[in-house]
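Nothing in this text is a laboratory measurement; each read-out follows from the coordinates by a stated rule. Computed from a predicted model, the values in this text were never measured in an experiment. FYI the Cβ positions are ideal-geometry reconstructions off the backbone, even for glycines, and counts take in every protein chain you see.
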There are 2 protein chains.
Amino acid sequence: MKLYDNKMAPNPRRVRMFIAEKNISYSQAGIELVNVDIAKGETFSETFKKMSPYGGLPVLELDDGDCITESMAICRYFEELYPEHPLMGVDAKSKAMIEMWNRRIEINLYQSIAMSFRHGNPMWKSVTTQVAEFSQVSGVNADKNIHKLDKHLKHSEYVAGHEFSVADITALCAIDFAKVIGRRINEEKHPHLARWHKQVSARDSAKV
Amino acid sequence: MKLYDNKMAPNPRRVRMFIAEKNISYSQAGIELVNVDIAKGETFSETFKKMSPYGGLPVLELDDGDCITESMAICRYFEELYPEHPLMGVDAKSKAMIEMWNRRIEINLYQSIAMSFRHGNPMWKSVTTQVAEFSQVSGVNADKNIHKLDKHLKHSEYVAGHEFSVADITALCAIDFAKVIGRRINEEKHPHLARWHKQVSARDSAKV
């Protein structure tokens, strides 16, 4: 199978980090990494649109030609194929709690960062009807959500509790991506987020 | 356990419909439905915020007091507890494909309807920094996504393929919710969506 990837974008990083945490070997699993050059507009090509009609990257092209898009759907595929080192929970309650936290981070933190970037950065001008005021409002929401996550991490080692999970991967990729809108972790302002960020960034998977 | 619910909102409907499709009996499963009056501001009470710190409804309060929010996390909990009548797939590929379609509908169709409503309706004024232009842009995106779903349903019986799944529940709740921004299915303009809508609306679960 082929994993269409990009080293700069946050969503492909989520999937690479997930694969690394599960200790899946690209060669043994038969996964070929294919770089897609976003800056060159390759995600807008007809070939790419056939694989990913909603335009999202990464894409996992299976050996039968079917394509899976949406980072979490690709992660779910690998979680099912390789149940060892579970990152999406092991029973009904932990699966639900991890899904809840992963979605809270996606919908509140990640989305506000992405919307602030998308509606404010010239790079998106040709593909988005940009609303400058919404970019600014989303930036304020990003700050609120960074603060909220800091407060949560005061009482929780990882995002979804005592165990590292896919919710930490989503949160790390979101927090690191926030530099595109000028947000970086401030150790004085966000001590718990900074503690967690240091801890999670030290994992081998954070470097892939 | 208690399921905090509201009969007017689209997200609680997703969970009720999911429970109905799985043939779960409220009394046998020990689920008590508790109405939350959104119009009276009950989702902003301190008691509610403790259960749902990100403000989302529905909430599933477990017997141990822990709370699950996010519709799909609650659905996942029931899918794991009651594996019969699977709505989230049965193997790695079908689980991934259903998750992909569910997310495509959520992120593209559902979000644009919700954003158009939230940024345009006076009801949200006190809790959202509304951006009128973004409401309008989101309405255009909703139209594009309704059209896109119509085209997809030309070649697919259900949203995620040959089987009814949670992606159909999400899509039905989104499409019916679109009336709040003045969008209704137009049989001439969207014949495939209209065919699917009629078929899915006829299910008993669509009435709960």
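For chain A, with only Lys/Arg (+1) and Asp/Glu (-1) charged at the beta-carbon, what is the dipole magnitude about the Cα centre, in debye rounded to 20? Spell out each step's value before the answer.
Details: 28 positive and 27 negative charges, 183 e Å.
Magnitude of the dipole: close to 880 debye.
If I build a Gaussian network model for chain B, linking alpha-carbon pairs within less than 10 angstrom, which residue out of B:Trp124, B:Trp101, B:Trp196 has the largest mean-square fluctuation?
Result: B:Trp124 has the largest fluctuation of those listed.
Once the label point is placed 7 Å from Cα along Cβ, list for B:Ala29 the distances to the corresponding points in the other copies, in nm, shortest first.
Once sorted, the set of distances for B:Ala29 reads 3.2 nm.
Ratio of the stretch A:2-81's C-alpha Rg to 2.2 N^0.38 Å, to two decimals? Walk me through the numbers on the way to the answer.
On the way: Rg = 11.9 Å, N = 80, 2.2 N^0.38 = 11.6 Å.
Expressed relative to 2.2 N^0.38 Å, the Cα Rg reads 1.03.
Which whole-number percent is the relative contact order of chain B (Cα, under 8 Å, 6+ apart)? Kindly include the intermediate steps, with their values, before the conclusion.
On the way: 271 pairs, mean separation 44.4, N = 208.
Result for chain B is 21 percent.
What whole-number distance in Å separates the alpha-carbon centres of the stretch A:1-67 and the stretch A:111-162?
Value for the Cα centre distance between the two parts: 24 Å.
Please report the equivalent ellipsoid semi-axes of the stretch B:91-172, computed as sqrt(5 x eigenvalue) of the Cα gyration tensor, largest first, in whole Å. Present the calculation step by step, with values, prior to reporting the outcome.
Numbers: eigenvalues 170, 36, 15 Å².
Values for the stretch B:91-172, descending: 29, 13, 9 Å.
Return one quarter of the surface area of the convex hull spanned by the alpha-carbon atoms of chain B, equal to its mean projected area, in nm².
On the way: hull surface 47.1 nm².
Result: a mean projected hull area of 11.8 nm².
Give the span of the protein assembly as shown's Cα atoms along each principal axis, as three whole-Å numbers ordered largest to smallest.
Rounded to whole Å, the extents work out to 49, 48, 45 Å.
Just to be sure I understand: chains A and B are related by a rotation, so which residue of A has its Cβ closest to that axis, and how close in Å?
Closest to the rotation axis on chain A: A:Phe134, 2.
Would you kindly work out, in nm and rounded to one decimal, the distances from the label point of B:Asp64 to those of the same position in each other copy, ordered shortest first, with label points 7 Å along Cα-to-Cβ?
3.8
Have a look at B:Thr47, B:Thr170, B:Thr69 and tell me which one the Gaussian network model of chain B (Cα, springs below 10 Å) gives the largest fluctuation.
Per the Cα network of chain B with a 10 Å cutoff, B:Thr47 tops the list.
With springs only between Cα atoms under 10 Å apart, run a GNM on chain B and tell me which of B:Gln28, B:Gln130, B:Gln111 wobbles the most.
B:Gln28
Within the stretch B:155-208, list the GluC sites (Glu not before Pro) lying in a DSSP loop whose Cβ has at most 10 other Cβ atoms in a 10 Å radius.
On the way: sites: B:Glu157, B:Glu163, B:Glu187, B:Glu188; in loops: B:Glu157, B:Glu163, B:Glu187, B:Glu188.
Counting only loop positions with at most 10 other Cβ atoms within 10 Å, the GluC sites (Glu not before Pro) in the stretch B:155-208 are B:Glu188.
List the relative contact order of the stretch B:97-157 as a percent without decimals, with contacts defined as Cα pairs under 8 Å and 6+ residues apart. The partial results should precede the final answer.
On the way: 43 pairs, mean separation 20.4, N = 61.
RCO, the stretch B:97-157: 33 percent.
Per DSSP helix of 4 or more residues, -39500 (n - 2.57); summed, then divided by the residues of chain A. What does that give at 222 nm, rounded to the nearest 500? If you can, show how the numbers build up before the last one.
Working: 9 runs with 99 residues, N = 208.
For chain A, the value works out to -14500 deg cm²/dmol.
At q = 0.16, 0.24, 0.26 Å⁻¹, what log₁₀ I(q)/I(0) does a Debye calculation on the Cα points of the stretch B:35-81 give, no solvent, two decimals?
Result of the Debye calculation: -0.44, -0.88, -0.98.
Report, for A:Lys144, each distance to the same residue's label point in the other copies, shortest first and in nm; define the point 7 Å along Cα→Cβ.
2.6
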